[in-house]
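Everything on this sheet refers to the single structure shown next.
The values are calculated or read from the model by the stated rules, or taken from the named source; none is laboratory data. Note that the structure is a prediction, hence the values are computed from the model and not measured. Positions of Cβ are generated from backbone atoms using ideal geometry, with glycine treated the same way; all protein chains shown enter the neighbour counts. Remember, those area values only see protein heavy atoms, side chains included, never the ligands or the DNA or RNA. Shrake-Rupley method; radii C 1.70, N 1.55, O 1.52, S 1.80 Å.
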Amino acid sequence: MTNISEVNNISSGVELTDGFHLVVDALKLNDIDTIFGLPGIPITDLTRMAQAEGMRVISFRHEQNAGNAAAIAGFLTQKPGICLTVSAPGFLNGLTALANATTNCFPMILISGSSEREIVDLQQGDYEEMDQLAIAKPLCKAAFRVLHAEDIGVGVARAIRAAVSGRPGGVYLDLPARLFSQTMDAAAGKASLIKVIDAAPRQIPAKDAVDRALGILKAAKKPLILLGKGAAYAQADAEITALIEKSGIPYLPMSMAKGVLPDTHDLSAAAARSYVLAEADTVLLIGARLNWLLSHGKGKTWGGKDSKEWGKKKFIQIDIAATEMDSNVAIDAPLVGDVYSCVQALLSGMGAGWSKPPADWMNAIEERKTKNLSKMLETLSQNPPVMNFHSALAVVRDIVEANPDAILVNEGANALDFTRSIVNMFKPRKRLDVGTWGVMGIGMGFCVGAAVVTGKPVIAIEGDSAFGFSGMEVETICRYNLPVCIVIFNNNGVYRGTDVNPTGGPDVAPTVFVKGSRYDKMMEAFGGVGYNATTPAELRKAMEESIRSGKPTLINAVIDETAGTESGRITSLNPATAAIKKN
Ligand code: ADP
Ligand code: TZD
């Protein structure tokens, strides 16, 4: 490990610092206290020094998981999560998480060591040579390289501001190996660091934009509010609640916005989702994009007569990114600004005499909610001979309700869709999932990141395929003794475990795994607690015990392998199915 005091001893009385220390000092100066990463040349000493300087350094088994931890830390704290990797392959492993963070508008910074510019640019074949900056650029919001120690302060400051200002996203910071050992006068080094002031400035909407939005909302006969993960990120929970309650407008939470208001709130229209999307005449989007998750704002979902037709709706959209407007359908009232400021402006513009939505709209929603909720409760109360998604999730639903502070991480296909619709959330930013891409592999990274930055218990509901993408991090969870309870819905394969090889040959079908696997043994291998649960009662006991003990736990929940559907709720996106539907 490079030791700056040794450098100082041999220098002529001038106190020196170096690149390693300047990077750590620049992060600390900006209240960044945690690094998620994986050591190796040239950043091993950086991880050691960061730890020696009091930062929390969480080491992973694969960089993608460290990157996912950093990304979710960014979502939860509004500070960029830091992921630190080695050059080329480590960098590439982290890049998927960086791209995913950018897609989801999570602020994170991927810092990677890199090879020397002279050798990379002449393609002379350095150790782990790669032009990382060029590769990162199209996959993130901004990318910077620092070549001189005296520029580290500027590089870190620019990375932080780029990650959290405007629409948050991923930033790449390229630090070539030689930078770390560059020395400079310590006082000049300190003076070169920047504490970023007002990194994510409020963006106040213009008055005419607010008036336009209020005018449309006031005229609505069937208004609806849609909350997206931008609303959850904004930490404007009290303002959003006040807006919904004062206006009396029913709302739908997108997956990661569940819990901004408790899912049991009277104005939640989640149990009447298809009805309100098709029937609403005016929709106020708060931090939600009209992307594939919302059928692009058109088609039958939105009351159009075919997949192309726009429903006859007025849209009001609150978003910090002006370019989001009109991306899929016309936005009648764009409200460009941060969620907090926009919601406040709407609230104060509503005044005292705001009239609530017409009773026939509210009654129609209530009727559907009551019907659908009672149907759901009936399904959940059944106890089939082999545990299925519903009978298992009836247990998870109770456990989450009893532990509203716990964070729920969720990935898979059926395991994702059923959990989202069955398990109520009661507090904001407690549900973390596959996000905009529907990406598998966020599971264990999110568990570690969430447990580390919040100190709260984490429950992960994982499809057996989904878990496999990051499963080795159970060792990380055990190493840091994190209060994580992983439940694997084990139905022997991707989606289901029932496919057969039509040729009768020795290979199993592409979606099938080893039958009867015992994932719980993986956790036991590292000193955590494993359970095998074949009934809802066993699952309940194991989850309760895990939450009580706070010990790293993995429950192998054996699920009927015939349960669930191909691709869960998005079967229609499979090319063959889509073609059949079209013809
Ligand atoms: P969901 O998938 O939940 O529908 P999206 O990720 O599609 O949500 O949309 C989130 C939106 O929120 C993005 O368009 C992003 O620009 C916006 N956003 C993020 N943070 C803020 C904020 N503080 N204020 C306003 N808009 C924000
Ligand atoms: N690879 C990546 C990175 N992301 C993906 N979304 C997929 C592959 C494709 N995929 C899905 O969309 S869901 C899924 C895959 C492989 C796994 C579904 O199986 P599961 O869940 O066992 O996790 P269920 O509950 O059995 O459906």
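Observations
- Surface exposure of the chain, expressed per residue as accessible area with a 1.4 Å probe, stands at 41 Å².
- Dipole magnitude (debye, nearest 20) for region 46-203, charges at Cβ of Lys, Arg, Asp, Glu: 820
- Residue-averaged [θ]222 nm for the chain, counting only DSSP H segments that reach four residues, each worth -39500 (n - 2.57): -12000 deg cm²/dmol
- FRET E, pair residue 329, residue 367, Förster distance 35 Å, beta-carbon r, rounded to 0.05: 0.80
- Accessible area per residue was computed with a 1.4 Å probe on protein heavy atoms; residue 320 scores about 40 Å².
- Spacing of the two label points (7 Å from each Cα toward its C-beta) at residue 526 and residue 401, in nm: 3.3
- DSSP-defined beta bridges in region 207-367 - what % are antiparallel, rounded to 5: 5
- In region 189-268, trypsin sites (Lys or Arg not before Pro) in a DSSP loop with at most 16 other beta-carbon atoms within 10 Å: 195, 202, 221
- Antiparallel DSSP beta bridges within the chain, percent to nearest 5: 5
- In region 303-405, the GluC sites (Glu not before Pro) that fall in loop regions by DSSP, at most 14 other Cβ within 10 Å: 309
- Options 225, 206, 535, ranked by Cα towards positive dipole end of the chain, top entry (Cβ charges): 225
- Spatially proximal lysines relative to residue 551 (Cα-Cα < 21 Å; intrachain offsets below 8 disregarded): 430, 456, 521, 541
- DSSP bridge pairs, region 272-341: antiparallel proportion in percent, nearest 5: 10
- Each label was represented as a point 7 Å from its Cα along the Cα-to-Cβ direction; for residue 514 and residue 56 these points are 3.4 nm apart.
- Gap separating the Cα centres of region 495-551 and region 355-416, nearest whole Å: 24
- Summing Cβ point charges (Lys, Arg +1; Asp, Glu -1) relative to the Cα centre of the chain gives a dipole of roughly 2060 debye.
- Percent accessible area from carbon and sulfur atoms, region 7-192, protein chains only, probe 1.4 Å: 52
- Whole-percent carbon and sulfur share, accessible surface of region 362-460, 1.4 Å: 52
- Residue 543 - accessible surface, heavy atoms, 1.4 Å probe, Å² rounded to 10: 0
- Summary value for region 7-192: 25 percent relative contact order, contacts being C-alpha pairs under 8 angstrom separated by 6+ residues.
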